[in-house]
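Written out below as structure tokens is the structure these notes cover.
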Amino acid sequence: MLRLALLLCLVALPLRAEDIVLGLSSDRVRITATFEGSEILVFGAIKREAPIPEEPLDVVVAIAGPSKPLVVRRKERVLGIWANTDAVGIDSAPSFYAVATTGPLRQVLSNVEDLRHKVSIGRAIRSVGAPGNVADAQAFTDALIRIRRNNGAYQMLEGEVVLDEQTLFRTEIGLPANLTEGEYQTRIFLTRGGNVISQFETVIDVRKVGLERWLYTLSRQQPLAYGLLSLAIAIAAGWGASAAFRMLRQGG
């Protein structure tokens, strides 16, 4: 398991009463043929220009992969067979999304702030409209969230951010093996009483490298050559398996 750290070092940020001290020791994830996922360690400190207020501080960390439009379809049994019936288009949904907090999300972030910053999983998905013949359009978005939470692409990690002495915080977020290439927007929010008092944004770059990158580029730029190569590999693999089987039978 590849282990990356978002190492928090001294960085000059706009002066506020409380600010996030943040930097990156590694801001890249490289996907190879043997990539099985990774863990990102996010940790940091709070810089203050005044004594610590009495009201408790909370921390919210959100990491979002590249967003794309997609279509969610409903399958129903029609005349004894399963078939696609209704469909709803989602304007934008992140390929990966994780939110980690120091406590229950609804306690550490108000609904107004969630609406403003689009932190929760449901708010990170944009679905403007739905066909008039679909009465329960929200159910399609809920189904998308449920499916992606089951395969680890969407994560709600409430209470997984550790905050020590109202100053130092840390959390770990797991990245699945089937990551999408692109820039992963990382946001850290400081909140008090559900209100955002400070935030910091950075980017984690996720790219394929080595053989994975070469095959990906070939499939996009020269699809015919990629198809012929795939066919040749399949034929060679089949021939090799057949030859090995014959040798085993002769040896027996």
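The values are calculated or read from the model by the stated rules, or taken from the named source; none is laboratory data. No experiment lies behind these values; they were computed from the predicted model shown. Backbone-built Cβ (ideal geometry, glycine too); neighbour counts: all protein chains shown. Areas reflect the complete protein model, heavy atoms only, side chains present, ligands, DNA and RNA absent. Shrake-Rupley method; radii C 1.70, N 1.55, O 1.52, S 1.80 Å.
Would you mind stating whether A234 is of a type outside the set (F, W, Y) and at pLDDT below 90? Yes; evaluated as a whole, the condition is true for this residue. When the stretch 49-71 is filtered for residues that are under 18 Å from D164 (Cβ atoms), charged (D, E, K, R) and free of Cβ contacts under 8 Å to residues at least 60 places away in the same chain, only E54 remains. For the criterion of being out of contact with any strand residue (DSSP E or B) (no Cβ under 9 Å at 6 or more places or on another chain), modelled with pLDDT under 90 and either over 28 Å from I90 (Cβ atoms) or surrounded by 14 or more Cβ atoms within 10 Å (Cβ to Cβ) (or both), E165 passes. Screening the stretch 169-195 for residues that are open to solvent by 30 Å² or more (accessible area, probe 1.4 Å) and in contact with a Leu (Cβ under 9 Å, 6 or more places away or on another chain) and picking the one that is modelled with the highest pLDDT gives N195.
Within the stretch 173-205, being within 16 Å of S95 (Cα to Cα) and in a loop (DSSP other than H, G, I, E, B) holds for P176, A177, N178, L179, T180, E181.
Candidates are the residues of the stretch 90-111 that are open to solvent by 30 Å² or more (accessible area, probe 1.4 Å) and without any contact (Cβ under 8 Å) to a residue 40 or more places away in the chain; the one that is nearest to F43 (Cα to Cα) is R106.
Scan E201, E183, E172, E158 and give me the residue that is touching a residue at least 24 places away in the same chain (Cβ under 8 Å), in contact with a Ser or Thr (Cβ under 8 Å, 6 or more places away or on another chain) and of a type in the set (D, E). Give the derivation first.
Working: E201 fails: touching a residue at least 24 places away in the same chain (Cβ under 8 Å); E183 fails: in contact with a Ser or Thr (Cβ under 8 Å, 6 or more places away or on another chain); E172 fails: in contact with a Ser or Thr (Cβ under 8 Å, 6 or more places away or on another chain).
Testing whether each residue is touching a residue at least 24 places away in the same chain (Cβ under 8 Å), in contact with a Ser or Thr (Cβ under 8 Å, 6 or more places away or on another chain) and of a type in the set (D, E) leaves just E158.
Checking each residue of the stretch 143-158 against the condition of being closer than 21 Å to A45 by Cα, open to solvent by 20 Å² or more (accessible area, probe 1.4 Å) and modelled with pLDDT of 95 or more gives at least one match.
Residues of the stretch 57-89 being part of a loop (DSSP other than H, G, I, E, B), modelled with pLDDT under 85 and open to solvent by less than 60 Å² (accessible area, probe 1.4 Å), which ones? Selection gives G80 alone. Output the residues belonging to the stretch 132-142 that are assigned to a loop (DSSP other than H, G, I, E, B) and open to solvent by 40 Å² or more (accessible area, probe 1.4 Å). Within the stretch 132-142, G132, N133, A135, D136 qualify.
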